[in-house]
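In what follows, a structure is listed as C-alpha cells, so that the remarks can point back to it.
Each reported figure results from applying straightforward, stated rules to the coordinates on display, with no laboratory input. The structure presented is a predicted model; accordingly, all values stated were derived computationally and were not measured. Every residue, glycine among them, receives a Cβ derived from its backbone with ideal geometry; neighbour counts consider all protein chains shown.
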Amino acid sequence: MIISYFQANQLLQAKKTGASSVNISLDLGKTQNNIIIKSNRFIFPDNQFIEEQIVKKIIKKDTSCFFIKNNGIEKIEFFSEKTNKYYKLFPTKSWPTIEISGIRMHCVKDITPKQDTIKKISFIKPCIGNVLDTCTGLGYTAIMASETADSVHTFERDDAVIELEKINPWSEDLFDNKKIIRKKGDIFQDIKELKNDFFDRIIHDPPRLSLANLLYSQEFYNELFRVIKKHGKLFHYTGNPGAKHRNIDLKKNVIKRLGIAGFSSLKEVFNGVTGEKK
Ligand SMILES: C[S@@+](CC[C@H](N)C(=O)[O-])C[C@H]1O[C@@H](n2cnc3c(N)ncnc32)[C@H](O)[C@@H]1O
C-alpha cells in the first residue's frame, strides 16, 4: 500500500466533512480502495491504521511517496552505496517519476510523466515490430511501446532503479508483459551484442548528457544505426531546447553525429530528435 500527499489530502478532506469512509488509491492511482474513518484513525483494508497526525505529516512532504507499514508510514527513498546516489519515488498527479540525487527522470513541469511518455512514443508512430528501448527507467516507454509492438527490448544498468521499478505499481507490466524483454546491463556495452538490422523502432531516452556522455557518443550512434532496420525510426530524447542555450547546441550536435552514423530525415522535435534509416 502506497500513498502520497494526493491521497493524504483526500483522507483529511473526508475526515473534515465527517464521512465515515472514503475511497482513495493505495497504488498511486491504478485502483481505488475504501478506507474507514473512526475517530482520529484511518483504517486500511488489511486493518492497519494510521493516525490523523501522521497523515498531516504526509501532506507536508509533497515530494515523497510512502508505504503504509506497521500502522505507520515509511518513505520510499534510499541511498545506494554502490552509486553514491539518493533515490526516491517522486509523486505527481499521474504516474510517479524517479528522482536520483535531485534529478528527475521525467518532465513533471507543465506535463505529467504519462503525457511525456505519450509524446515520446508519438514520434515513432506507428510503434510496431521489434522495439529497442535503450534505458528502462520506470519502464513507461517500454510499457507503452509494447501496446502496439511485437517485442520491446529494454536495458537498465542501475540496481536501485530496478528496485523502484519493482515497487512502482505503474511499472508492473515490465515484469508481467511477455512482449517486454528486460535486461540488466549497460546498453553502451550490450548493444554490441545485438543483431544487425533487427529493430523497427528505437526509443533512446538517456539521462542528461553530463550523466551519460557515452550514450551521446558517435560510437554509440553508429551502433544504433547498425541495429535498426531499413525504414526504421528513431526517437532520441535530448531535453527541452527552449530552456537552456546549451541544449540548442546539444540537439544540433546530436543531429550532426546521427547524420554521420547514417541516419536521414533528422528533425528537431519536442524534447528530442527523430531520424530514420533510409
Ligand atoms: C531518463 S531515464 C529513462 C526513462 C524511461 N524511458 C521511462 O519511460 O521511465 C534513464 C534511465 O537510464 C538508466 N541508464 C543510464 N545509463 C545507462 C546505460 N548505460 N545503460 C542502461 N541504462 C542506463 C538510468 O539508470 C535511468 O534509469
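Once fully extended, how much extra length lies between Lys30 and Asn240, figured as 0.36 nm per residue of separation less the alpha-carbon to alpha-carbon distance? Please list the in-between numbers first.
On the way: separation 210, 0.36 × 210 = 75.60 nm, distance 2.91 nm.
Here the segment from Lys30 to Asn240 would lengthen by 72.7 nm.
Expressed in nm to one decimal, what extension gain is obtained for the pair Ser20 and Gln189 from 0.36 nm per residue of sequence separation less their Cα-Cα distance?
Numbers: separation 169, 0.36 × 169 = 60.84 nm, distance 5.64 nm.
Computed gain between Ser20 and Gln189 is 55.2 nm.
Calculate for the chain the 222 nm mean residue ellipticity that helices alone would give, adding -39,500 (n - 2.57) per DSSP H run of length 4 or more and normalising by residue count, nearest 500 deg cm²/dmol.
Numbers: 9 runs with 82 residues, N = 278.
Helix contribution divided over all residues of the chain: -8500 deg cm²/dmol.
Under a straight-distance cross-link criterion of Cα-Cα below 19 Å, which aspartates and glutamates are reachable from Lys69, leaving out those fewer than 8 residues away in the same chain?
Candidates past the 8-residue exclusion: Asp27, Asp46, Glu51, Glu52, Glu77, Glu163.
When Lys and Arg each count +1 and Asp and Glu each count -1, what net charge do the other residues less than 12 Å away from Phe175, Cβ to Cβ, add up to?
Values: positive: Lys166, Lys178, Arg182; negative: Glu165, Glu172, Asp173, Asp176.
It works out to a net charge of -1.
Between Phe175 and Lys38, what's the calculated FRET efficiency when r is the beta-carbon distance and R0 is 51 Å? Round to 0.05. Spell out each step's value before the answer.
On the way: r = 36 Å, r/R0 = 0.71.
In this case the efficiency is close to 0.90.
Which helices pass in the chain if a helix is a full DSSP H run, must span at least 20 angstrom along its long axis by Cα, and must have mean Kyte-Doolittle hydropathy not below -0.5? Intermediate values should be presented prior to the final figure.
Numbers: long enough: 245-261 (25 Å, -0.45).
Counting only whole DSSP H runs, the qualifying helices are 245-261.
For Ile228, which sequence-distant residues (separation of 5 or more, or a different chain) have an amide H within less than 5 Å of its own amide H, given hydrogens modelled in the peptide plane?
Answer set, sorted by chain and number: Asp197, Phe198, Phe199.
Cα-Cα over 28 Å: which of Lys57/Lys166; Lys38/Lys109; Lys125/Lys192; Lys85/Lys195; Lys82/Lys267? Working shown, then result.
Details: Lys57/Lys166 26 Å; Lys38/Lys109 37 Å; Lys125/Lys192 26 Å; Lys85/Lys195 34 Å; Lys82/Lys267 38 Å.
Flagged as over cut-off: Lys38/Lys109; Lys85/Lys195; Lys82/Lys267.
I need the semi-axes of the equivalent ellipsoid of segment 74-225: take the C-alpha gyration tensor, multiply each eigenvalue by 5, square-root it, list largest first in whole angstrom. Mind dumping the intermediate values first?
Working: eigenvalues 111, 68, 43 Å².
Ellipsoid half-lengths, sorted descending, are 24, 18, 15 Å.
Taking the Cβ of Leu215 as the centre, find all other residues whose Cβ is under 11 Å away and add up their charges (Lys, Arg: +1; Asp, Glu: -1). Walk me through the numbers before you get to the answer.
Values: positive: Arg157, Arg208; negative: Asp186, Asp205, Glu219, Glu223.
Around Leu215, the surrounding residues sum to -2.
Return the distance in nm (one decimal) between the two label points of a simple spin-label model at Phe78 and Gln48, each offset 7 Å from Cα along Cα→Cβ.
1.6 nm
Note down the nm distance, to one decimal, between modelled labels 7 Å out along Cα→Cβ at Asp249 and at Asp159.
The modelled label-to-label distance comes out at 3.8 nm.
Can you bin every Cα-Cα distance in segment 1-99 into 10 Å intervals starting at zero and give me the percent of pairs per bin, rounded to whole numbers?
16, 50, 26, 7, 1
Quick one: go through segment 109-134 and flag any residue whose amide nitrogen is under 16 Å from the point 7 Å out along the Cα-to-Cβ line of Glu276.
In segment 109-134, the label zone of Glu276 (backbone N under 16 Å from the point 7 Å along Cα→Cβ) covers 122-128.
What's the local net charge at Gln115, with K and R +1, D and E -1, over the other residues with C-beta under 13 Å away?
Working: positive: Lys93, Lys109, Lys114, Lys119, Lys120; negative: Asp110, Asp116.
Its environment carries a net charge of +3.
Please give, to one decimal in nm, the separation of the simple spin-label points placed at Tyr86 and Asn196, each 7 Å out from Cα toward the Cβ.
Each label point lies 7 Å from its Cα, and together they span 4.9 nm.
What is the gain in length, in nm to one decimal, between Leu214 and Asp150 on full extension, counting 0.36 nm per residue of separation less the C-alpha to C-alpha distance? The partial results should precede the final answer.
Working: separation 64, 0.36 × 64 = 23.04 nm, distance 2.85 nm.
Answer, rounded to one decimal: 20.2 nm.
Equivalent-ellipsoid semi-axes (√(5λ), Cα gyration tensor) for segment 173-278, whole Å, largest first? All intermediate terms of the calculation are to be shown ahead of the outcome.
Numbers: eigenvalues 101, 57, 36 Å².
Over the Cα atoms of segment 173-278, the semi-axes work out to 23, 17, 13 Å.
Computed over the Cα atoms of the chain, what is the convex hull's projected area averaged over all directions, in nm²? Don't skip to the answer; put the middle values down first.
On the way: hull surface 61.2 nm².
Spelled out: convex hull of the Cα atoms, projected over all directions, averaged, 15.3 nm².
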